[in-house]
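S.K.: I have a structure I would like to understand better, so I am pasting it below and will then ask my questions one at a time.
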Amino acid sequence: MKLQHPELVDLLQRAYSAEKAAAFAYQGHAGSVKDRDEKNAIRQIEIDEWNHRKEVLALMKQYEVPISHYYEFRFHVIGKIISASCYIFGWFMPFYFAGRLESGNVCEYFRMKQYFNALGIKEHDKLLYEMGIKEKEHEVYFLEKIKVNKRLPFFEKLFGWGKKESFNNVDLDKKYPVEESDGYCRK
């Protein structure tokens, strides 16, 4: 079945390629930190991103959505640049921008769920919900690492993400079940 939903097609293509960029970025991020526990946690997040990419590709194949060569190139370059920059900008910035990135990624999967549901397709609800929640867990991990850093208020004011602001409305302490998660990430 070919999807007749341009926004969903584009979102799938972007998410697929952006997961590669995130995984590349986490390779550099893990390599740049000295603490063994942080290194292992970031490597696990990289693995999660590769798994999300694999899951999105399976959806794309099921619905005959082609891989975007433009997004693949663009996000490949972005991921490699971010990966290299982790060795240059010190400890705080990679943690901050990883958290900010993950905050936005949460909604990609909830929007996909909403778009599929608008087409009457519910079979992917659990998978998309779980990927969105996993991205939220990543966001929370990175925020926990920097929440007491004196630079956070300045970065939050400048870039719109931090302790007071998020790009999603998911609360891991008060998670809605899959069937009631349509309120997440509504504009």
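S.K.: Tell me, please, whether a residue that is within 23 Å of E38 (Cβ to Cβ), at pLDDT below 95 and open to solvent by 30 Å² or more (accessible area, probe 1.4 Å) can be found in segment 92-99.
M.R.: Yes: segment 92-99 contains one or more residues that are within 23 Å of E38 (Cβ to Cβ), at pLDDT below 95 and open to solvent by 30 Å² or more (accessible area, probe 1.4 Å).
S.K.: Quickly run through segment 14-42 and pick out the residues that are among the basic types (K, R) and closer than 13 Å to S83 by Cα.
M.R.: Scanning segment 14-42 gives a single hit, K20.
S.K.: Now for a different question. Looking only at residues in segment 161-178 that are touching a residue at least 12 places away in the same chain (Cβ under 8 Å) and more than 16 Å from the chain's Cα centre (by Cα), which one is most open to solvent (accessible area, probe 1.4 Å)?
M.R.: Restricting to residues being touching a residue at least 12 places away in the same chain (Cβ under 8 Å) and more than 16 Å from the chain's Cα centre (by Cα), the top hit is K163.
S.K.: If only one of M93, M131, M112, M60 is within 18 Å of the chain's Cα centre (by Cα) and free of Cβ contacts under 8 Å to residues at least 40 places away in the same chain, which one is it?
M.R.: Only one candidate qualifies: M93.
S.K.: Residues of segment 25-58 being assigned to a helix (DSSP H, G or I), open to solvent by less than 20 Å² (accessible area, probe 1.4 Å) and hydrophobic (A, V, I, L, M, F, W, C), which ones?
M.R.: A25, A30, I42, I45, V56
S.K.: Just one of (1) of a type in the set (S, T, N, Q); (2) under 22 Å from L57 (Cβ atoms); (3) crowded, with 20+ Cβ neighbours inside 10 Å trips up S103, so point out which.
M.R.: Failing condition for S103: (2).
S.K.: Pick out the one residue from E130, E144, E137 that is open to solvent by 10 Å² or more (accessible area, probe 1.4 Å), in contact with a Leu (Cβ under 9 Å, 6 or more places away or on another chain), at negative phi and among the charged types (D, E, K, R).
M.R.: Exactly one of E130, E144, E137 is open to solvent by 10 Å² or more (accessible area, probe 1.4 Å), in contact with a Leu (Cβ under 9 Å, 6 or more places away or on another chain), at negative phi and among the charged types (D, E, K, R), namely E137.
The values are calculated or read from the model by the stated rules, or taken from the named source; none is laboratory data. Note that the coordinates shown come from a computational prediction; the quantities given were computed from them, not determined experimentally. Cβ atoms come from the backbone with ideal geometry, glycine included; neighbour counts cover every protein chain shown. When the accessible area is computed, the model is the full protein with side chains, heavy atoms only, and any ligands, DNA or RNA have been set aside. Shrake-Rupley method; radii C 1.70, N 1.55, O 1.52, S 1.80 Å.
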